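Visitor: The structure follows.
The values are calculated or read from the model by the stated rules, or taken from the named source; none is laboratory data. Computed from a predicted model, the values in this text were never measured in an experiment. Note that each Cβ is placed from the backbone with ideal geometry, even for glycine, and that neighbours are counted across all protein chains shown.
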Amino acid sequence: MTNENEWVRYDHIPILETNPKLRRMLLGKRLSWTIKEDGQNVIIWTRKKKYCKKKTEVVISSHNQEIAAADIQGYVRRCPQYETILQVLKDYPLYRMVCEECAKGPSITGIKTYTEDILYVVDIYNVAEHKYLPYTQVYQLCYHYHLPIVQLYATTRHRTIKNLVKFANHVLEYCNTPKDYGKDEGMVAKTFGDDDEYIMAKVKLDIPRPIVERIREGPVLLQQIPDGEIMGAISHVEADSGLDGTPVHDMPLIAKAVAEECKRHLYSSKANLFGYYKKYMENRKQ
């Protein structure tokens with residue numbers, strides 16, 4: 001049973017193309033495909049104060065930490081939608097608002113450009129029912145409160161893996177089509193509470209199928225980690241621990257985060273992480 005004061009971590013979203021078990025799990029289920037915005041994943045929620053149960057406090061969590069780094073909290077609070085989200089939480093205190101914080105300028109991976117600071121609603125977790133709301137309910141709430149929500153591209157149901165993979169390839173073609181703001185990083189497919197089972201999978205332009213080759217009497221060769229995954233790892237470090245712009249502080253944390261991503265997805269690392277770090281910090285300043 002979830003305590004209303006307990007932090008509910010937003011699950012890591014596995015990659016569809018590289019997970020055969022996940023593809024089998026999605027067969028026969030109604031899937032909602034939403035655009036993946038390229039920002040910082042945060043959860044905004046309220047809890048009762050420890051020494052005064054009649055009062056509540058706002059908590060901004062990152063993907064991995066209950067309390068997000070101070071700079072990320074600052075980015076979230078400066079978004080025009082922040083005050084409206086606080087009103088939603090006042091009206092629905094048992095909701096947890098999962099959002100994507102996207103700063104004005106180049107996105108984290110540089111694949112698109114945002115014209116303003118914006119908070120997109122990604123999901124809403126209902127503590128009372130211990131599950132995420134279906135997309136339709138999230139959309140209706142966002143509509144009435146005038147909040148931006150990640151765009152729904154399609155709803156599908158697939159009976160074969162071949163058909164599922166075919167549609168995933170179509171999704172990638174759509175994401176790769178140039179638009180006014182650039183391209184879309186990818187999409188997320190979700191079951192949205194089908195039979196009380198919540199399953200997510202993502203497809204991204206910069207994530208190829210990992211190719212593992214074994215040379216005779218040689219080591220296993222792994223595909224290099226995509227640029228977008230490196231930038232994403234840096235953004236997680238910023239959200240969890242903060243980046244102070246000092247390489248001696250930031251780089252060990254970034255190297256550790258990238259190594260964890262490589263281990264999780266069977267990638268080999270890239271040597272020049274400092275170059276990605278400089279680009280990330282430059283994008284944040286714009």
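Visitor: Just to be sure before I move on: is ALA201 under 19 Å from PRO226 (Cβ atoms), touching a strand residue (DSSP E or B) at 6+ places or on another chain (Cβ under 9 Å) and in a helix (DSSP H, G or I) in the structure I sent?
Guide: Spelling it out, it is not the case that ALA201 is under 19 Å from PRO226 (Cβ atoms), touching a strand residue (DSSP E or B) at 6+ places or on another chain (Cβ under 9 Å) and in a helix (DSSP H, G or I).
Visitor: When only residues in segment 136-151 that are in contact (Cβ under 8 Å) with a residue 60 or more places away in the chain and surrounded by 19 or more Cβ atoms within 10 Å (Cβ to Cβ) count, which is nearest to GLY74 (Cα to Cα)?
Guide: Applying the filter and picking the extreme gives LEU147.
Visitor: Sticking with this structure for a sec: Which of the residues that make up segment 6-40 are surrounded by 18 or more Cβ atoms within 10 Å (Cβ to Cβ), more than 20 Å from ASP184 (Cβ to Cβ) and of a type in the set (Asp, Glu)?
Guide: none
Visitor: Do any residues in segment 88-114 that are assigned by TED's automatic domain parsing to the domain that holds GLN73 and in contact (Cβ under 8 Å) with a residue 12 or more places away in the chain have Cβ atoms under 6 Å from those of residues that are of a type in the set (A, V, I, L, M) and not in a strand (DSSP E or B), where the two are at least six apart or on different chains, and which pairs are they?
Guide: LEU94/VAL127; LEU94/ALA128; ARG96/VAL8; MET97/ILE85; GLU101/VAL76; ILE108/MET231; THR109/MET231
Visitor: For segment 152-168, state whether one or more residues are of a type in the set (A, V, I, L, M, F, W, C), within 21 Å of the chain's Cα centre (by Cα) and surrounded by 18 or more Cβ atoms within 10 Å (Cβ to Cβ).
Guide: Yes, segment 152-168 has at least one match.
Visitor: Okay, next question. Criterion first (surrounded by fewer than 17 Cβ atoms within 10 Å (Cβ to Cβ) and either touching a helix residue (DSSP H, G or I) at 6+ places or on another chain (Cβ under 9 Å) or charged (D, E, K, R) (or both)) does GLU66 satisfy it?
Guide: Criteria met by GLU66.
Visitor: From the list ILE85, ILE43, ILE60, pick out the single residue that is out of contact with any Asp or Glu (no Cβ under 8 Å at 6 or more places or on another chain), without any contact (Cβ under 8 Å) to a residue 24 or more places away in the chain, of a type in the set (A, V, I, L, M) and surrounded by 15 or more Cβ atoms within 10 Å (Cβ to Cβ).
Guide: Numbers: ILE85 fails: without any contact (Cβ under 8 Å) to a residue 24 or more places away in the chain; ILE43 fails: without any contact (Cβ under 8 Å) to a residue 24 or more places away in the chain.
Exactly one of ILE85, ILE43, ILE60 is out of contact with any Asp or Glu (no Cβ under 8 Å at 6 or more places or on another chain), without any contact (Cβ under 8 Å) to a residue 24 or more places away in the chain, of a type in the set (A, V, I, L, M) and surrounded by 15 or more Cβ atoms within 10 Å (Cβ to Cβ), namely ILE60.
Visitor: Just name the residue that is farthest from ILE67 (Cα to Cα) out of those in segment 7-26 that are in contact (Cβ under 8 Å) with a residue 40 or more places away in the chain and charged (D, E, K, R).
Guide: Selected residue: ARG24.
Visitor: Here is a further query. Select from segment 1-59 the residues that are assigned to a loop (DSSP other than H, G, I, E, B), among the aromatic types (Phe, Trp, Tyr) and in the same structural domain as ILE124 (by TED's automatic domain parsing) and list them in ascending order.
Guide: Across segment 1-59, the qualifying residue is only TYR51.
Visitor: In addition: If you go through segment 237-278, how many residues are crowded, with 17+ Cβ neighbours inside 10 Å and among the charged types (D, E, K, R)?
Guide: Residues in segment 237-278 being crowded, with 17+ Cβ neighbours inside 10 Å and among the charged types (D, E, K, R): 4 in total.
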